[in-house]
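> Below is the structure I would like to discuss, written out as structure tokens.
The values are calculated or read from the model by the stated rules, or taken from the named source; none is laboratory data. Source: prediction; values computed, not measured. Neighbour counts are summed over all protein chains in view; Cβ atoms, including those assigned to glycine, are modelled from backbone coordinates with ideal geometry.
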Amino acid sequence: MLTALLEQIVNGTMIGCIYVLVALGMVLIFGVMQVLNFAHGVLFMAGGYVCHFAFFKLTGSYPAAIALSMLALAALGLVLERAVFRPLRDNIQMQIVASLGLILVIQNGVVALWGPNALQMRVPTAETIVRLGSLSFTAQHFVIIGTVAVTIVILQLFLVRSRLGTAIRATSQNADAARVVGIDTNRIFLITFTIGSALAALGGALLGPLFLIFPQMGDLPLLKALTAIVLGGMGSVPGAVIGGLAIGIVESVSTLFIPTDFRDTVVFGLLILVLLFRPWGLFGVRVRGEA
Amino acid sequence: MRPLLASTGVLGLFAALYLVPVVAPGQLYALHILTLALCYAVPAIGLNLLFGYTGLVSLGHMGFAGVGAYATALLMKNGIVGFAPALLAGAVAAGAVGLLVGVPCLRLRSHFFIIVTLAVGVILYTLFNNLDALTGGAEGLPGIPRPQPLDLGFIVFDFRRPQGFYWLALTVFAATFVVQWMIVRSDFGRSLAAIRQDETIAAARGVDVFAHKLAVFTISAAIAGIGGGLKVTFLRAAAPLSFELLESINLVMIVILGGAGYLLGPLVGAVLFIAIPEVLRIANELRLVIFGVVLVLLALYAPRGVCGLLAALRRRLGSKGFAHARHS
């Protein structure tokens, strides 16, 4: 039992790290632009596909393929922010319509380019087994956990220490006030969306070798990331990290006690339960007059 | 706003819709698409009341439709009751679940509420998909009978035929449309509009915001339940995939596309949403890509939906009265 529990905790941490990557992008974009980008899951998926393409067709190196995939998706994010989401700021209804439109375009575009079948991406780290006592995992598990940990640290340093990061935080706190002190908020929006898209691509590229790469691979991470940022309190970066990890671990451990079919019931039931007692999320700021 | 002109226009539209099978008797495929669109237009009316008129977005509304659908399906499949009582029972079941969900969730702030409705939708879906004994699991409940023929003496409506079922679906839609109209025009409806415009001011003016939200959420879930019951009777099977998250998002799209807060928005949205992909079948594999582009363009250039676009056009042409005008 203890072995199984430990195994599920490591598995949960790994998948939680993937949720964290998706959630970080979404929480940055939401915090800064007030845009809820439901198309973030297909960016994740597209990241997986581009990484696959880069790995097999352009370079044989997995890290280089990841970097290329992040660059490609950053470029796509740049275009999407400029062409679609910037005109729709302040209109959450039409953001939902546009996101769904983008989901259809990107998901079916990928099917048209690569076909509907799932792709395999065997990279060396996914083939290597690491033994810890009686437990065994692929090296990719630890690649994911390590990469995400480093990413979180870099992102946090960037946001807190650099001028640009400070400008991003300022815009997130109050866009009007940020403009008053001379921050070009349009540029900040563009940069934030680009970073978010690149993080989604990193997630897809990291998960691809473990699971398969297929057109719907981003759907569940999107849902879980959405749950994570709500749990964390909509707009809180540490909240998104802890929310994502918590969801990953809870859902993995819950499979020991409850049939796998009800995994999502547990996760979303837990979300509702937390919000009943803390309607502003675990790390959010309480608004006056709220329950 | 000339109410007489508006109601004449709506009556004329419904008369035209009723005459479709008579005018174009051979167009069974088009009739099938229209009937399917009506099956979406009914739950869209429920969502329109909640979202268009009260300003609350629900991303799990097809979950409530599913509750109604499974209730209707179970009652009809086992021959316990006929179509109309089964549909009403479905509405009651969906409304009851809506009430239960609404009590805790309606206290949450905007974005939190949206995500919680999404969570409720996903939970309901996993229940449909996994409570095999009750819902038949992933296979669903096949073999739902069509309603018994209705014999009026001079004419017999056979609901097993496409024309008959189209008329039935249209009648169910017309009934929910009337309910929507009555609610929107009532004092209750005005209070809902006040809540949408500014909750704090509405509360200060003596509107019990929570009670109103709870009432409209329950009604909205019940109407969605009717839509679900209609859909499974039309498709003759209840399956979990009909009520998954994507379907809930599609429903929100239908309401927004048609024009949230317009009486005819749900109908216009449903017909467009179901018909455009069918028309695009000529483009084969790329049809959903094109549809996606159409959606993005509509989001960018028709921010208040097609009804809003038409109303704006109408205003530009200088006429003030328009059947689709916003009732608020």
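> Residue check: is B:Ala325 away from chain A (no Cβ under 14 Å), more than 25 Å from B:Gly60 (Cβ to Cβ), surrounded by fewer than 21 Cβ atoms within 10 Å (Cβ to Cβ) and modelled with pLDDT of 85 or more?
no
The rows are residues; the columns are (1) loosely packed, with under 15 Cβ neighbours inside 10 Å; (2) at the interface with chain B (Cβ under 10 Å from one of its Cβ atoms).
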position: A:Met70; (1), (2): no, no
position: A:Ala75; (1), (2): yes, no
position: A:Leu104; (1), (2): no, yes
position: A:Leu113; (1), (2): yes, no
position: A:Leu119; (1), (2): no, no
position: A:Arg122; (1), (2): yes, no
position: A:Thr128; (1), (2): yes, no
position: A:Leu132; (1), (2): yes, no
position: A:Phe142; (1), (2): no, no
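> With of a type outside the set (A, V, I, L, M) and buried (at least 22 other Cβ atoms within 10 Å of the Cβ) as the only criterion, which of B:Phe210, B:Phe273, B:Phe188 stands out? I'd like the intermediate steps shown before the answer.
On the way: B:Phe210 fails: buried (at least 22 other Cβ atoms within 10 Å of the Cβ); B:Phe188 fails: buried (at least 22 other Cβ atoms within 10 Å of the Cβ).
On inspection, the qualifying residue turns out to be B:Phe273.
> Return the pairs, sorted by first residue and then second, in which the second residue is of a type in the set (Lys, Arg), the first residue lies in the range B:130-151 and is at positive phi, the beta carbons are less than 9 Å apart, and the residues are 6+ apart or on different chains.
These pairs meet every condition: B:Gly143/B:Lys77; B:Gly143/B:Arg236.
> Pick from A:Val267, A:Val253, A:Val181: which is more than 10 Å from chain B (Cβ to nearest Cβ), among the β-branched types (Val, Ile, Thr), more than 22 Å from A:Leu76 (Cβ to Cβ) and touching a residue at least 24 places away in the same chain (Cβ under 8 Å)?
None of the other options fit; the residue is A:Val253.
> Do you know which residues across the range A:150-163 are outside any loop (DSSP other than H, G, I, E, B), loosely packed, with under 14 Cβ neighbours inside 10 Å and not basic (Lys, Arg)?
Hits for the range A:150-163 are A:Val150, A:Val153, A:Ile154, A:Leu157, A:Val160.
> For the range B:255-279, name all the residues that are over 21 Å from B:Thr8 (Cβ atoms) and either of a type in the set (Lys, Arg) or within 11 Å of chain A (Cβ to nearest Cβ) (or both).
Hits for the range B:255-279 are B:Val255, B:Ile256, B:Leu257, B:Ala260, B:Gly261, B:Gly269, B:Phe273, B:Pro277.
> Looking only at residues in the range B:156-181 that are among the β-branched types (Val, Ile, Thr) and in contact with a helix residue (DSSP H, G or I) (Cβ under 8 Å, 6 or more places away or on another chain), which one is surrounded by the fewest Cβ atoms within 10 Å (Cβ to Cβ)?
For the range B:156-181, the residue satisfying everything is B:Val179.
> Does the range B:87-106 include one or more residues that are crowded, with 21+ Cβ neighbours inside 10 Å, at the interface with chain A (Cβ under 10 Å from one of its Cβ atoms) and in a loop (DSSP other than H, G, I, E, B)?
no
> Name every residue in the range B:294-318 that is small (Gly, Ala, Ser) and either more than 13 Å from chain A (Cβ to nearest Cβ) or more than 22 Å from the chain's Cα centre (by Cα) (or both), in order of residue number. Full working, then the answer.
Pass one, the range B:294-318, residues small (Gly, Ala, Ser): B:299, B:302, B:305, B:308, B:311-312, B:318.
Those that are small (Gly, Ala, Ser) and either more than 13 Å from chain A (Cβ to nearest Cβ) or more than 22 Å from the chain's Cα centre (by Cα) (or both): B:Ala311, B:Ala312, B:Gly318.
> Okay, next question. Condition check: out of contact with any Asp or Glu (no Cβ under 9 Å at 6 or more places or on another chain), farther than 22 Å from B:Thr218 by Cα and β-branched (Val, Ile, Thr). Does B:Thr176 satisfy that?
Working: out of contact with any Asp or Glu (no Cβ under 9 Å at 6 or more places or on another chain): yes; farther than 22 Å from B:Thr218 by Cα: no; β-branched (Val, Ile, Thr): yes.
The answer is no for B:Thr176.
> Looking only at the range B:137-163, which residues are more than 14 Å from chain A (Cβ to nearest Cβ) and of a type in the set (Gly, Ala, Ser)?
Within the range B:137-163, B:Gly140, B:Gly143, B:Gly153 qualify.
> Here is a further query. Name the residues in the range A:77-101 that are more than 7 Å from chain B (Cβ to nearest Cβ) and in contact with a helix residue (DSSP H, G or I) (Cβ under 9 Å, 6 or more places away or on another chain), would you?
Residues satisfying the conditions are A:Gly77, A:Leu78, A:Leu80, A:Glu81, A:Arg82, A:Ala83, A:Phe85, A:Arg86, A:Arg89, A:Ile92, A:Gln95, A:Ser99.
> I'd like the full set of residues that are surrounded by fewer than 22 Cβ atoms within 10 Å (Cβ to Cβ), basic (Lys, Arg) and under 24 Å from A:Pro116 (Cβ atoms), limited to the range A:171-226.
none
> Continuing with the same structure: Do we have any residue at all in the range A:257-264 that's of a type in the set (Asp, Glu), buried (at least 19 other Cβ atoms within 10 Å of the Cβ) and more than 9 Å from chain B (Cβ to nearest Cβ)?
The answer is no, given that none of the residues of the range A:257-264 is of a type in the set (Asp, Glu), buried (at least 19 other Cβ atoms within 10 Å of the Cβ) and more than 9 Å from chain B (Cβ to nearest Cβ).
> Which condition number does B:Leu267 fail, the rest of (1) crowded, with 24+ Cβ neighbours inside 10 Å; (2) part of a helix (DSSP H, G or I); (3) modelled with pLDDT under 90 being met?
Of the numbered conditions (1) crowded, with 24+ Cβ neighbours inside 10 Å; (2) part of a helix (DSSP H, G or I); (3) modelled with pLDDT under 90, the odd one out for B:Leu267 is (3).
> Still on this structure, I have one more. If we only count helices (runs of 4 or more DSSP H) wholly inside the range B:1-82, which ones have 3 or more residues that are surrounded by fewer than 23 Cβ atoms within 10 Å (Cβ to Cβ), small (Gly, Ala, Ser) and out of contact with any helix residue (DSSP H, G or I) (no Cβ under 6 Å at 6 or more places or on another chain)?
Those helices (runs of 4 or more DSSP H) span B:3-23.
> Here's a follow-up. Please go through the range B:128-148 and pick out each residue that is touching a Ser or Thr at 6+ places or on another chain (Cβ under 9 Å) and crowded, with 19+ Cβ neighbours inside 10 Å.
B:Phe128, B:Asn129, B:Gly140, B:Leu141, B:Ile144, B:Pro147
> Counting just the residues of the range B:107-129 that are within 20 Å of the chain's Cα centre (by Cα) and hydroxyl-bearing (Ser, Thr, Tyr), which one comes out nearest to the other protein chains (Cβ to nearest Cβ)?
Ranking the qualifying residues of the range B:107-129, first place goes to B:Tyr125.
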